[in-house]
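**Q** This is the structure I want to talk about, given as structure tokens.
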Amino acid sequence: MTSPQQPIVLARDVVKRFGDHTVLDRVSFAVDPSQVVVIIGPSGSGKSTLLRCCNALEVPEAGSITICDTVLVKDGVVIPDRALNALRMQVGMVFQSFNLFPHLSVLDNITVGPRTLRKVPRAEAEAAARALLEKVGLAEKADAYPGTLSGGQKQRVAIARALAMKPRVMLFDEPTSALDPELVGEVLQVMKTLAREGMTMLIVTHEMGFAREVADVVMVMDGGRIIEQGPPEQIFGAPSNPRTRSFLDAVISRT
Amino acid sequence: MDLDFTPVWEGWRELGHGALVTIEVTSASLLLGCAIGLLIGIARLEPKRRLIYGAASAYVTCIRGTPLLVQLFLLFFGLPQFNILLPAFFCGVLGLGLYSGAYVSEIVRGAIQSIDRGQMEAARSLGMSYVQAMRIIIIPQAVVRMIPPLGNEFIALIKNSALVSLLTITDLMHEGQKIISVSYRSLEVYLAVAAIYLLLTSTTNFILRRIETRLRAGGLVQ
């Protein structure tokens, strides 16, 4: 995958430890503009930690991560708060547990970022938020509170909230893992639309069908390392690493 | 034994005035206590900021570990040795406010820490600073959770405020004692004083229950 542009996310030899346990063991990868990169692997393999390092929710002890040509963290040092906040505005984050703000209406959840951080006037921010709600199929929920929504609806609002900041890359941390099975589809549908529109995305997921269909690159993690990466046809069709094969066998036979 | 409530009826104006002063002292010290409690509570969120955390913890330890009456006397009778003469009402409010602040700080800290960690992560991920995330996302949610324990604190404060009668403040307790000093009807007057305190605390309790029900109906309290 050659690109004339700089990668949006560039990780070099990222190391993260929790106590004695090495969660990420010199991980390197790149995400090019408009690329969809899906990270799969057994639980505890470091997928989520790697994703969380990409907006400094976790701070790696060694290595470097560059986002949109700005060094986010290098050798265990995160850039100063001001620059960090500015950089985070360009990186949308979607969590497994949604993390919507329960005291704000759906509309306010989406507009609070643009209004307070980008100083967008209320009317303009609300018009943009309504358009985003339309896009995720929740136009009628603008005035609802998160507590009244289903899991799938919450996650779609969370995606709209992240998109409202007009990010250059979106990070998804197991976005459907907390959902009832019948609600997974509606969230994946929104993510597919985003991918089709050319959004750069880095996604941790257990949805193999989705990975196969949407990913440009699939990275397989195990024991804190990327053990294999390549286009989905290769990873799912002819995995070269035996650990990839046993992971896929276990996951796919289950469903 | 015969009870004679005549001094109570004859002194209703004074008792009413005393009750008003009690409400004033309590309300003012609750406001002061909340302001102090918010600052101290936030200061005690992060043990890594050693100086701030240590100072705030020392405050809470000293205030909670010594009698309120001693603290009030230190302000009212102790400070004049340094030629600091504070008006009695001011001393009472300051003493009760400082005292209440230590307890409120624990309420504040508990409420903030009970907010899911994901809320701070989501706010910071949008690009908010720590202060913005606290102000816009965390504290508004925490305040709702503070209301029931703050109600208890308010009621405790109403009762504790009787101590300021010893600083010459003419609160409910003080007015009662003045009536006793001329009528010698201790039992009747103290019963009346107790009844008025009970009225104040149960009214407060009732109002707080209403607020809590409203918040629950609005879905803001889980």
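**Q** Placing unit charges on C-beta atoms (Lys and Arg positive, Asp and Glu negative, everything else neutral), compute the dipole magnitude of segment A:83-164 about its Cα centre in debye, rounded to 20. Numbers along the way, then the final one.
**A** Details: 11 positive and 6 negative charges, 48 e Å.
Taking the Cα centre of segment A:83-164 as origin, the dipole is about 240 debye.
**Q** Right, next: Assuming a strict under-26 Å limit between Cα atoms, what lysine pair count do you get for the protein assembly as shown once near-sequence pairs (fewer than 8 apart, same chain) are dropped?
**A** So the count works out to 23.
**Q** Within a 10 angstrom radius of each residue's Cβ in A:85-93, how many Cβ atoms of other chains show up on average? Whole number is fine.
**A** Details: counts 7, 1, 1, 5, 4, 1, 3, 2, 5.
Taking all residues of A:85-93 together, the mean is 3.
**Q** Something else: Please list the non-local residues whose amide H lies under 5 Å from the amide H of A:L72, H modeled 1.01 Å from N, same-chain partners needing a gap of 5 or more.
**A** Counting only residues 5 or more places away or on other chains, the set is A:I65, A:T66, A:I67.
**Q** Find out how many positive minus negative residues lie around B:E175, taking Lys and Arg as positive, Asp and Glu as negative, among other residues whose Cβ is under 11 Å from that of B:E175. Don't jump to the answer; show the numbers that get you there.
**A** Numbers: positive: B:R13, B:K178; negative: B:E14, B:D171.
Neighbour charge sum, excluding B:E175 itself: 0.
**Q** Rounding to the nearest 10 and keeping the result within 0 to 90°, find how far the Cα-based axis of helix A:122-135 lies from the longest principal axis of chain A.
**A** It is inclined by approximately 50 degrees.
**Q** Count, for each residue of B:112-125, the Cβ atoms from other chains sitting within 10 Å of its Cβ, then give me the mean as a whole number.
**A** The per-residue average across the peptide is 5.
**Q** Starting from the Cα coordinates of the protein assembly as shown, work out the convex hull volume and express it per residue in Å³.
**A** On the way: hull volume 99.4 nm³, N = 477.
Spread over its residues, the Cα hull of the protein assembly as shown gives 208 Å³ apiece.
**Q** Local charge sum around B:Y130 (other residues, Cβ-Cβ under 15 Å, Lys/Arg +1, Asp/Glu -1)?
**A** Working: positive: A:R82, A:R88, B:K48, B:R49, B:R117, B:R124, B:R135; negative: A:D81, B:E46, B:E121.
Neighbour charge sum, excluding B:Y130 itself: +4.
**Q** Taking springs between alpha-carbon atoms closer than 10 angstrom, which of B:G54, B:G101, B:G176 fluctuates most in the Gaussian network model of chain B?
**A** B:G54
**Q** Sticking with this structure for a sec: Quick query: amide H of A:A164 versus all other amide H atoms, modeled in the peptide plane; which residues come in under 5 Å with a sequence gap of 5 or more or a different chain?
**A** Amide H neighbours of A:A164, under 5 Å, 5+ apart: none.
**Q** Measuring from the lowest to the highest alpha carbon on each principal axis, how far does segment A:11-93 reach, largest first, in angstroms?
**A** That works out to 31, 28, 19 Å along the principal axes.
**Q** Taking every DSSP beta bridge with both residues inside the protein assembly as shown, roughly what % is antiparallel (nearest 5)?
**A** Numbers: 23 of 40 bridges.
Of all bridge pairs located within the protein assembly as shown, approximately 60 percent are antiparallel.
**Q** May I pose another question? What's the longest piece of chain B with no exposed trypsin sites (Lys or Arg not before Pro), counting a site as exposed if DSSP puts it in a loop and it has at most 15 other beta carbons within 10 Å? Numbers along the way, then the final one.
**A** Numbers: sites that count: B:K48, B:R49.
Between the exposed loop sites, the longest stretch runs B:50-222.
**Q** Given a 10 angstrom Cα cut-off, can you work out which residue in A:G46, A:G92, A:G113 is the most mobile in a GNM of chain A?
**A** Checking each option, the largest mean-square fluctuation is seen for A:G113.
**Q** Then there is this: Calculate how steeply helix B:186-217 sits against the longest principal axis of the alpha-carbon atoms of chain B, using the helix alpha-carbon long axis, and give the answer as 0 to 90 degrees to the nearest 10.
**A** Between helix and principal axis, roughly 20 degrees.
**Q** In addition: With viscosity set to 0.692 mPa s at 37 °C, what whole-number translational diffusion coefficient in µm²/s follows for chain B from Stokes-Einstein and a Kirkwood radius over Cα pairs?
**A** Numbers: Rh = 19.5 Å.
D, rounded to a whole number, is 168 µm²/s.
**Q** Can you work out the PRE-style zone for B:E14? Point 7 Å along Cα to Cβ, and I want the residues of segment B:157-184 with backbone N under 11 Å.
**A** Label zone hits: B:174-184.
**Q** Something else about it: How much net charge surrounds B:E106 when only other residues with a Cβ under 14 Å from its Cβ are counted (Lys, Arg +1; Asp, Glu -1)? Walk me through the numbers before you get to the answer.
**A** Values: positive: B:R44, B:R64, B:R109, B:R145; negative: B:E153.
Taking every other residue near B:E106 into account, the sum is +3.
**Q** To continue, here is another question. Using the crude model of +1 on Lys and Arg Cβ and -1 on Asp and Glu Cβ, and no other charge, please compute the dipole size for chain A relative to its Cα centre, in debye to 20. Provide the component values of the computation, followed by the final result.
**A** Details: 28 positive and 28 negative charges, 106 e Å.
Its charge dipole is roughly 520 debye.
**Q** List the residues whose amide H sits under 5 Å from the amide H of A:M201, counting only those 5 or more places along or on another chain, with H placed 1.01 Å from N in the peptide plane.
**A** Residues meeting the amide H criterion: A:Q35, A:V36, A:V37, A:M170.
**Q** Continuing with the same structure: Report the charge-dipole magnitude of the protein assembly as shown in Debye, nearest 20, computed about the Cα centre from +1 at each Lys and Arg Cβ and -1 at each Asp and Glu Cβ.
**A** Working: 46 positive and 42 negative charges, 155 e Å.
That gives the protein assembly as shown a dipole magnitude of about 740 debye.
**Q** If I fit a long axis through the Cα atoms of helix B:88-114 and take the longest principal axis of the Cα atoms of chain B, what angle between them do I get, 0 to 90°, rounded to 10?
**A** Once rounded, one gets 40 degrees.
**Q** Something else: In whole Hz, what ³J(HN,Hα) sequence does segment B:27-37 give by Karplus (6.51, -1.76, 1.60; θ = phi - 60°), x for Gly and Pro?
**A** 5, 4, 6, 5, 4, 4, x, 5, 5, 5, x
**Q** Can I ask one more? For segment A:199-229, list residues with backbone N below 11 Å from a point placed 7 Å from the Cα of A:D25 toward its Cβ?
**A** Backbone N within reach: A:222-227.
**Q** Let me ask something else. On average, how many beta carbons from a partner chain sit within 10 Å of the beta carbon of a residue in A:95-106? Intermediate values should be presented prior to the final figure.
**A** Details: counts 4, 1, 5, 2, 10, 3, 9, 9, 12, 4, 0, 0.
What the average comes to for A:95-106 is 5.
**Q** Suppose R0 equals 51 Å; then what is the FRET efficiency for A:A139 and B:E24 from their Cβ-Cβ distance, rounded to the nearest 0.05? Provide the component values of the computation, followed by the final result.
**A** Details: r = 52 Å, r/R0 = 1.01.
It comes out at approximately 0.50.
**Q** At most 16 other C-beta atoms within 10 Å and a DSSP loop state: those are the exposed GluC sites (Glu not before Pro) I care about. Give me the longest piece of chain A that has none.
**A** On the way: sites that count: A:E61, A:E197.
That would be A:62-196.
**Q** Taking 30 Å as R0, compute the FRET efficiency from the Cβ-Cβ separation of B:R117 and B:I84 and round it to 0.05.
**A** On the way: r = 45 Å, r/R0 = 1.49.
So, using R0 = 30 Å, E works out to roughly 0.10.
**Q** While we're looking at this one, here's another question. Could you tell me how far the Cα centroid of segment B:18-94 sits from the Cα centroid of segment A:24-40, in Å?
**A** 55 Å
**Q** Looking only at B:V108, B:V143, B:V164, which one moves most when chain B is put into a Gaussian network model with springs between Cα atoms under 10 Å?
**A** Looking only at B:V108, B:V143, B:V164, the largest GNM fluctuation is found for B:V143.
**Q** Divide by every residue of chain B the summed helix terms, -39500 (n - 2.57) for each DSSP H run of at least 4, and state the resulting mean residue ellipticity at 222 nm, rounded to the nearest 500 deg cm²/dmol.
**A** Values: 9 runs with 162 residues, N = 222.
About -24500 deg cm²/dmol.
Values quoted throughout were computed directly from the atomic coordinates according to the rules given, and no laboratory measurement underlies them. Computed from a prediction, not measured in an experiment: that's the story for all the values here. Positions of Cβ are backbone-derived with ideal geometry, glycine not excepted, and every protein chain shown enters the neighbour counts.
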